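Please read the structure below before turning to the comments.
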Amino acid sequence: MTADRLPVIAAVDGSEHGWEALDWAAAEAVRTGLPLLIVHVRMPARPAEEERALREAEELLAQAVLRTSRLAPELPTSTLTPLDFPSAALTSLSRDASMVVVGSRGLGGFRSLMIGSNSLATASMARCPVVVAHTGGRDEGEAEPPDAFPDVVAGVAADESSGAVLDFAFEAAASRPGARLRLVHGWTMFSSMLSGGPVFDSEAAAASASRALAELTAGRQEEYPQVEVVREPVRGSATRTLVTASATAALTVVGRRRGGEALGLGLSPVAQTTVTHALGPVAVVPT
């Protein structure tokens with residue numbers, strides 16, 4: 001996450017969830033040594049309303065910069081107010097970002113929904129990792145206690161398709177002193193059969209899943225010796241474990257496949273359910 005100085009993008013819209021996303025993004029930018037780009041997307045409006053909309057956007061961004069300066073006075077910060085639909089603008093900007101951070105809902109969100117449509121669409125289509133900042137809400141200027149929720153939790157498949165998720169999760173854990181990395185992998189007898197593992201012996205299948213996780217992470221543990229890794233093979237879907245773990249995790253990480261965005265296939269059922277029902281911040285990593 002710190003290789004190329006691409007900014008952390010924080011999407012703000014004036015909602016409480018947007019401010020939470022900004023606070024989380026600012027803390028992450030400080031942690032990783034990256035600049036912060038605060039973005040407020042202006043929706044297309046009638047010509048007579050454009051001047052007022054631009055003025056309101058500039059006022060909102062000024063408020064966001066002031067808030068950030070109180071939390072992180074030394075953080076390099078810039079702003080942008082593109083004219084577009086929110087998910088389209090953020091997806092375009094994600095090509096030149098290290099990550100995009102969005103709130104779980106915006107100003108137009110229904111209280112009964114756990115995540116807004118723009119946040120879900122951005123997480124499904126962005127070219128870089130997207131963090132949906134379910135944070136539970138804190139007062140302005142109140143920083144998260146540094147060791148409040150140290151663990152990073154990642155949902156992984158026990159094969160090479162999880163490479164990007166593992167890279168992101170190990171770096172996230174390494175940037176948080178004392179954090180453990182919990183790797184959650186859901187397996188079934190059917191998935192064991194498909195991978196050439198045991199077909200009828202559930203204990204043998206569980207042991208096979210554990211070995212596959214160990215093999216998958218061996219090289220990365222050598223690269224990040226400071227990160228304690230906890231492997232958690234789970235029979236059945238990993239969703240329940242990931243959602244429960246998100247309540248006490250610094251970050252929960254899931255993957256999404258590239259190439260299926262136009263067909264609405266960007267998020268797997270596990271990833272979409274985790275993002276939708278998580279009780280803490282979730283990173284969605286393109287794989």
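The values are calculated or read from the model by the stated rules, or taken from the named source; none is laboratory data. If you're wondering where the values come from, they're calculated on a predicted model, not measured in any experiment. Quick reminder, even Gly has a Cβ in these numbers, built from the backbone with ideal geometry, and neighbours come from all protein chains shown. We work out accessible area using only protein heavy atoms, side chains counted, and drop any ligands, DNA or RNA first. Shrake-Rupley method; radii C 1.70, N 1.55, O 1.52, S 1.80 Å.
Say whether the condition of being in contact with a strand residue (DSSP E or B) (Cβ under 6 Å, 6 or more places away or on another chain), open to solvent by less than 60 Å² (accessible area, probe 1.4 Å) and farther than 20 Å from SER119 by Cβ is met by at least one residue in the stretch 12-34.
Scanning the stretch 12-34 turns up at least one residue that is in contact with a strand residue (DSSP E or B) (Cβ under 6 Å, 6 or more places away or on another chain), open to solvent by less than 60 Å² (accessible area, probe 1.4 Å) and farther than 20 Å from SER119 by Cβ.
Regarding LEU34, is this residue at pLDDT 95 or above, part of a loop (DSSP other than H, G, I, E, B) and under 20 Å from the mean Cα position of the chain (by Cα)?
So LEU34 fits the description; yes.
Just for the stretch 218-241: of the residues that are β-branched (Val, Ile, Thr) and in contact with a strand residue (DSSP E or B) (Cβ under 6 Å, 6 or more places away or on another chain), which one is surrounded by the most Cβ atoms within 10 Å (Cβ to Cβ)?
Selected residue: VAL227.
Identify all residues within the stretch 9-27 that are assigned to a loop (DSSP other than H, G, I, E, B) and not polar (S, T, N, Q); write none if there are none.
VAL12, ASP13, GLY14
In this structure, does THR248 turn out to be of a type in the set (S, T, N, Q), crowded, with 17+ Cβ neighbours inside 10 Å and at pLDDT 90 or above?
So THR248 fails the test.
Can you tell me which residue within the stretch 141-163, out of those that are modelled with pLDDT under 95 and aliphatic (A, V, I, L, M), is farthest from LEU34 (Cα to Cα)?
Restricting to residues being modelled with pLDDT under 95 and aliphatic (A, V, I, L, M), the top hit is ALA158.
Look through LEU54, LEU60, LEU80 and report the one residue that is farther than 23 Å from HIS134 by Cα and out of contact with any strand residue (DSSP E or B) (no Cβ under 6 Å at 6 or more places or on another chain).
Exactly one residue qualifies, and that residue is LEU54.
Residues THR79, THR91: which one is in a strand (DSSP E or B) and β-branched (Val, Ile, Thr)?
So the residue among THR79, THR91 that is in a strand (DSSP E or B) and β-branched (Val, Ile, Thr) is THR79.
Select, from ARG52, ARG67, the only residue that is charged (D, E, K, R) and either more than 15 Å from ALA10 (Cα to Cα) or assigned to a loop (DSSP other than H, G, I, E, B) (or both).
Exactly one of ARG52, ARG67 is charged (D, E, K, R) and either more than 15 Å from ALA10 (Cα to Cα) or assigned to a loop (DSSP other than H, G, I, E, B) (or both), namely ARG52.
Within the stretch 89-122, can you find the residues that are at pLDDT 95 or above and of a type in the set (A, V, I, L, M)?
If the condition is that a residue be at pLDDT 95 or above and of a type in the set (A, V, I, L, M), then ALA89, LEU90, LEU93, ALA97, MET99, VAL100, VAL101, VAL102 are the ones that fit.
Quickly run through the stretch 176-203 and pick out the residues that are surrounded by fewer than 13 Cβ atoms within 10 Å (Cβ to Cβ) and either part of a helix (DSSP H, G or I) or modelled with pLDDT of 85 or more (or both).
PRO177, GLY178, PHE190, LEU194, GLU203
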